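The values are calculated or read from the model by the stated rules, or taken from the named source; none is laboratory data. In this text the structure is predicted, and so the values were computed from the model without any measurement. Don't worry about glycine lacking a Cβ; one is built from the backbone with ideal geometry, like all the others, and counts go over all protein chains shown. The accessibility values were calculated without ligands, DNA or RNA, using every heavy atom of the protein model including side chains. Shrake-Rupley method; radii C 1.70, N 1.55, O 1.52, S 1.80 Å.
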Amino acid sequence: MATGKKEVGGLLAYLYTHDASLDGGIEQSIDGYDPSAKGFKLWWQRVCWICRNPGGRFNGFVLGYLSDGSKLIFKSGEPYPPVSYWTVIELKSGRRIFGYRHKGRWFGWSTKPLRVAICSRPSLSNTQYNLERPMDRKHFFGAVRTSIFGGSLTSFQVQGMEALLDACAELQVPDQRHVAYILATPMIETGGSFVPGVESLNYSAAVLKSKFSGRISAADADRFGRTSQHPANQLEIANRIYGSDWGRMHLGNNASTDGWTFRGRGLCQITGRANYAKFGVVSDPDRAATLPTAAIIMVRGMRDGSFTTKKLADYLNDAGTDYVNARRIINGLDRAQEIAAYAKKFEAALHD
């Protein structure tokens, strides 16, 4: 229900959809999508994809369902491909409206407050979220402020954790241990800032020779690496250590500039054309370093095993809780004990 950058005037305004993905400059991987469309073409383009967000202006001005202040409180299923997909949105007024999408078509919005369970599920264990009882985030942030952050939180930390919690809800991560480990990971990956980053390639010539000897020649290491005579040429470094045969085989990089274009970005950084394509940001790589995209990438990657083939359910399941080896989801056992300690504290805050 995000209001787009462009507006269609007149009566047509009541028939189009507000959609951040269509209007916000994010390229669509659908033949015929024109990001510069205006007038009737813009309206028709929105109508063609109206199943993405039905009749924003109609909902807002005819039914009175204004999108300002609304929030998504429940999703079930995956929007891509759109086979069976439920959403529940809570409006600023407190009224809840629902949508059901089946094979690309939306059905209905509720005009009554939902006073019953959103969906029918078996009773949940202590390690799972109860979807009928929204999480008390104020209580959560109060708990982690004391137990993890030494009594104070920056706005960036709050925004980063909010984005991760939203992504966990959107992608149906019901186990509190999974959520706790997701939240713990940026304590190391971002140094606790929870700000998505862009990879620094400010390597010295000596480090390039020792760390990437098979991917960059000694001559290029001296030429592009940081020395007392010149700064590092990070663009050239990226195109060499992430390029050539190694880059094609391991990262799917096939253009001479792909190393730099698809350098690491995110809360837990993704690298290489293939990984950017996997998460739908190959046409706009910088999105991987912005919220909420970085949060969605991180949660989906950890949930599905997209980073190292290891996933959350491999280590946090009915058989036990192994926060230490869960580090293999991202990066071997690097600082695994530290992240495990943070995960236990996040779990306690989620469980309280």
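Condition check ((1) farther than 14 Å from M298 by Cβ; (2) polar (S, T, N, Q); (3) in contact with a helix residue (DSSP H, G or I) (Cβ under 8 Å, 6 or more places away or on another chain)) across all residues:
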position: Q157; (1), (2), (3): yes, yes, no
position: L164; (1), (2), (3): no, no, yes
position: I182; (1), (2), (3): no, no, yes
position: M187; (1), (2), (3): no, no, yes
position: G191; (1), (2), (3): yes, no, no
position: S200; (1), (2), (3): yes, yes, yes
position: A218; (1), (2), (3): yes, no, yes
position: A221; (1), (2), (3): yes, no, yes
position: G252; (1), (2), (3): yes, no, yes
- request: Would you check if there is a residue in region 285-292 being surrounded by 19 or more Cβ atoms within 10 Å (Cβ to Cβ), farther than 30 Å from D220 by Cα and among the charged types (D, E, K, R)?
  value: yes
Lone qualifier among A143, A169 - being surrounded by 16 or more Cβ atoms within 10 Å (Cβ to Cβ) and either modelled with pLDDT of 95 or more or assigned to a loop (DSSP other than H, G, I, E, B) (or both): A143
Unmet criterion (only one of (1) within 28 Å of the chain's Cα centre (by Cα); (2) open to solvent by less than 20 Å² (accessible area, probe 1.4 Å)) for G150: (2)
message: Restricting to region 306-331, count the residues that are under 13 Å from C268 (Cβ atoms) and surrounded by fewer than 16 Cβ atoms within 10 Å (Cβ to Cβ).
response: 1
